[in-house]
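Take a look at the structure below.
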Amino acid sequence: MDYSYVFLILLLPALSFLVLGLAGMKMSHKVAGLIGTCSLAVVTVLCYYTAIKYFLIDGRDATGLFPTVTAFDFVWIKFSELLTFTIGFRLTPISVMMLIVISTVSFMVHIYSFGYMHGEKGFQRYYAFLSLFTMSMLGLVVATNIFQMYLFWELVGVSSYLLIGFYYPLHSAVAASKKAFIVTRFADLFFLIGILFYSFYVGTFSYDLTAMPELHQNVAGVAWVMPMALFLMFIGGAGKSAMFPLHIWLPDAMEGPTPVSALIHAATMVVAGVYLVASLFPLFVEFAPEALHWIAYIAAFTAFYAAAVACCQSDIKRVLAFSTISQIGFMLVALGVCLPGETSGVDNTVEYADVNGLGYMAGMYHLFTHAMFKACLFLGAGCIIHAVHSNEKMYMGGLRKYMPITHVTFLISCLAIAGIPFFSGFCSKDEILVACYNFSPVMGVIMSAIATMTAFYMFRLYYVIFWGKSYYETHKAEGAHQPHEAPLTMTVPLIVLSAITMLVGIFGTLHVFEFGEFVSANGIGFGTHINWAIAGTSTVLAILGICLATYMYKGEETPVADMLARRFPKLHQAAYRRFYLDEVWMFVTHKIIFRCISTPIAWFDRHVIDGTFNFMAWGANAAGETIRPWQSGDVRQYAVWFITGTVALTLVLLCI
Amino acid sequence: MSILSLFVVIPVLILLGLWIARNLNQVRGVMVAGSSCLLALSVWLTVAFIQARQSGNTDPMLFTYSVAWFKPLNIAYAVGVDGISVVMLLLSSIIVFTGTFASWQLKPLTKEYFLWFTLLSTGVFGFFICIDMFTMFMFYEVALIPMYLLIGVWGSGNKEYAAMKLTLMLMGGSALLILGILGIYFFNGATTMNVMEIAANNHIPADIQNVFFPFIFIGFGVLGALFPFHTWSPDGHASAPTAVSMLHAGVLMKLGGYGCFRVAMFLLPSAAQELSWIFLILTTISVVYGAFSACVQTDLKYINAYSSVSHCGLVLFALLMMTKTACTGAILQMLSHGLMTALFFALIGMIYGRTHTRDVRKLGGLMKIMPFLSVGYVIAGLANLGLPGFSGFVAEMTIFVGSFENGDTFHRAATIIACTSIVITAVYILRVVGKILYQKVADPHYLELTDATWDERVAVCCLIFCVAGLGLAPLWVSNVIGDAVGPILNVINF
Amino acid sequence: MVPVEAYFVLSALLFFIGVFGFITRRNLIAMLISVELVLNAVDINFAAFNRLLFPEGLEGFFMTLFSIGVSAAESAVAIAIIINVYRNFHSDQVNSIENMKF
């Protein structure tokens, strides 16, 4: 049970950030990259070691659960006797799983970036920010309390800001980074308020339900607090996880370097909201199951909306971004459809059977598998962009001949996300659908439909990139240069990630590997069996989606798609413009906040408040000006006043 | 003689040294030596203070010393420090030290400039060590008057107007202040001016307290940028030379919050309880209003001045919440805002010194031209918007958690409104950072500009180090402050 | 025997003539003379009231003599000032000297 080494997991990236940040400019690119990558390699090894130790060597304790291990927990700042802000390292099944996900993807991205960022200006800075991000993300998932999570939450936000704005001379990158930060910050405001409510009534920042037996009496009189606080916290999570209508920052965030999109905006940071809900899951189930269901509705709508938009985008990274939003929607739906179970009489806590908590396992499973195949997709997209020097689909087409490795790995990931058996996405998405059908058939049907859309738009993307008319061949004469396969540093991560996707898929489909054995809502391991009614239907639907995509986009020309776009120009345009939500937000920020609030306030300050003080100064001045002529300098006038005064005074005195 | 008197004696020695100094190098030498002495002294004081507390000394004031100065009115030169004053002294000496380096290349009348600068810091140090109301007031005035000349002579832009406005408004504040001080003195029996003695034996009737509380609170509040008495701040800061802006926003504005807490609330507790709601509304407005105003300003210094209105509003806001956590947060916020805003003003001054404009619309792409200053600016910006790891986060979170300890809806609503400022802060900070540092170089002339010189690097690094240090290891500071805030709040909350 | 009221009438006349002259005249010398008239009115009053109220006493007469002495000295100073004013302003008119205002 000795986990004393784990502080290194946070310290090494932090050190590498400091070293690269302070001395990076003095180093060569190679040295800087190696420092970052090596420190991360050590972290990855430690994370894997921790996971093996936690799950396999130490295993379950006497009660049949994986114990919650707090490796260290020191007081960072003491707010009051009750509320202490500690920073610690807490191992639970989901945090250990997250350690694996983050370290794996981050390590892959570090290696990949060697090739992708080769020769870029600011290479050292890039690696410094990557280290900072990794440190923050790891700190987030091992948080022992909600405030530590908030702290690292803000740090991942800022690393994301810095990385999106990496190409800072570009106006679009700056605008995107600003937008990402401000939108998530806006959501974090609700997170903070939620924390304030929670901590005040509960009396602690800890969210470990089992460690707080007194929690029930603390919130006994104020039933509204917990649902509200938890939902406010979820809004924070919705900001990071790009839930509608706070998703607007994520597509723009693709302005950052592509490996960053893979790491932050696909695999790790954007699932922070999911992780947050999963961490607070016992509280949600216990106190606010309705709030949990609301999360499911919001997430389902987001998933649908994002899938619809993804069908019409022309920028391949944006398609992937909307697909990410949609998939996060899946995860949150899975968490949201969990049902509270029986209340046990002993300590008044909710006991839920596996069937009620299936969504939890499925959501986490999908988080894990999605991180791997989505990172692979993004990194693949990075290779393609590297090769054709554009994000737009019109510059692609027919790339399968030039980039075989990218092609194969991309295909594997597409199959995984579409939910084809023997690929990892199938295992997790299937469980999500089962959980949805358990919750309500309507939800199940909706999610199945969205899954079909997923298959369609992913294969649309696949065909548009790798099949169809080749831009190079048609524009050879105009000097378009030949696309070429990416270097080894870039293809190896693709191979590793798609191998993970394949392995998890094969073993998961055959039920050799049971995710539920490690992560489950109540901590008790369970195995699943495939519900063929649902799995079969969804597979058939996915294949139908793929077929439709094949029919529409495989050929040199895409007559059906063009015809549809012409037939429904309004709808196509609306979907292409993401249903004008960016415009709405622009309206809110520019017109309302700047035009209608800030400008009038600034005017009011300069003219009314400042005017009042200037008026007072003017008043004093004017009074002086008025009495100034009385001092005429004419002696005889003074004498007149003097004598008149004397006479008047005498008369007054005489009269009295 | 107490060791604390050195805080006044050293500046006086610096003044003498400056008077003797014959050339620029000697002036600089005297300033560096003197401000280093002050810095060393305040660090030593902090260590000694913590050691004394750890050895079990629980006196409300340490290192006390008192000598009668003007017997008939019971005015004494009485000094003493508690945790709050210790951190304030530390802050002041850091700002004076870095301010010296920030005005290294100030050209006309360097010697005279440093004379007034040192006189100003004498007032600041004197104010923080004194526990006699009248002596405090005297040092307060000593700190205010040099501002007039420093802005009026060495300022930029509409400097005469700004200097006059600033001085007159602050003088108006002092007029209210002296009335309030006399009120406290006479209605408490006219026996002592010592803050601690009055607090220990306070028999001012409640209705009299209600009369004099607004006098003192507004009197200090003017300096603490209390809405609607904040308008001197944008003009004053915009026109002041770099180091004066630093000292003014970094330390002088803290005199306001410190005075509100130490004099107004401590000595008039029942009025503080009764009238806090009015000022709570005003400070809540300050917080949001300052942030919104900052969003549309085009002058870098105006943006920062309004941001200071917002952040200093948060200080007074937290003090009026009157819980231990919130008040600790308020003092932390003073400390943190002092350091951050000094850093900001230093950087703005350095950028202005090169580009000769502070208009955000004319600046752009500075990251490529002056990377050191730009990175410093980004760090200052991130610290200002409350990024964890910097002091702002610690202070703001302490304030919000503390404010929320008040269970009623009014305080809750005020807290939630104040919380929104963290989003608006992000808006204006990122707007500026995005506009002036990133994107394309706005003017080809900027390409010839150089990055920071060594003296500027010293100032910037020193401040960044302090901001990050406070943000990474806040526990000891918050303990020192919390121990001092506790007894005062026991008096206020009966 | 002249009745004592006649002295008072004379003194009042002198006083108001003096005041009138002081206010209306612009010439500094004329103003000085008017001031002298006012002083003389006071001197007459001193003597007359002394006679009327305290016939045995001589303090009023002393005061008169003292006042005459003072006015002589004052005239000397005033004439000196007037000469200096004339040298500086090249005028003996009061309305040309307005430097005292504001």
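Read the figures in this text as sums done on the coordinates, not as results from a lab. Computed from a predicted structure; not experimentally measured. Virtual Cβ from ideal backbone geometry, glycine too; neighbours counted across all protein chains shown.
Worth pointing out:
- C-alpha long axis of helix B:421-432 to longest principal axis of chain B, angle in °: 20
- Shielding value for A:626-637 is 4, the average number of Cβ atoms from other chains within 10 Å of each residue's Cβ.
- Against the main long axis of the alpha-carbon atoms of chain B, helix B:24-54 sits at an angle near 40°.
- Within 10 Å of the Cβ of each residue in A:79-92, the mean number of Cβ atoms contributed by other protein chains is 3.
- For region A:537-622, applying the loop criterion from DSSP together with a ceiling of 15 other beta carbons within 10 Å to the trypsin sites (Lys or Arg not before Pro) yields A:R577.
- Ignoring aspartates and glutamates fewer than eight residues from B:K107 along the same chain, the ones with Cα atoms less than 16 angstrom from its Cα are B:D455, B:E456.
- Cut-off 17 Å (backbone N to label point 7 Å along Cα→Cβ of B:N158), residues of region B:235-256: B:235-241
- Alpha-carbon Rg with Dmax, taken over chain A, Å: 31.0, 124
- For region B:49-161, Kirkwood radius (reciprocal of mean inverse C-alpha pair distance, Å): 16.0
- Order of A:M552, A:M364 under a 10 Å beta carbon neighbour criterion, fewest first: A:M552, A:M364
- Pairs from the list B:K111/B:K254; B:K111/B:K301; A:K121/B:K159; A:K121/A:K178 with a Cα-Cα gap above 31 Å: A:K121/B:K159.
- Helix B:110-129 and the longest principal axis of the C-alpha atoms of chain B enclose an angle of approximately 30°.
- Under 15 Å from B:K435, Cα to Cα: aspartates and glutamates that are on another chain or at least 8 residues apart: B:D299, B:D359, B:D443
- A straight line joining the Cα centroids of region A:595-656 and region B:117-145 runs 34 Å.
- The number of Lys pairs in region A:391-534 with C-alpha atoms less than 20 Å apart, excluding pairs fewer than 8 positions apart on the same chain, is 5.
- Helix content alone sets the calculated 222 nm mean residue ellipticity of chain A: runs of n ≥ 4 DSSP H residues at -39500 (n - 2.57) each, divided across all residues, give -21500 deg cm²/dmol.
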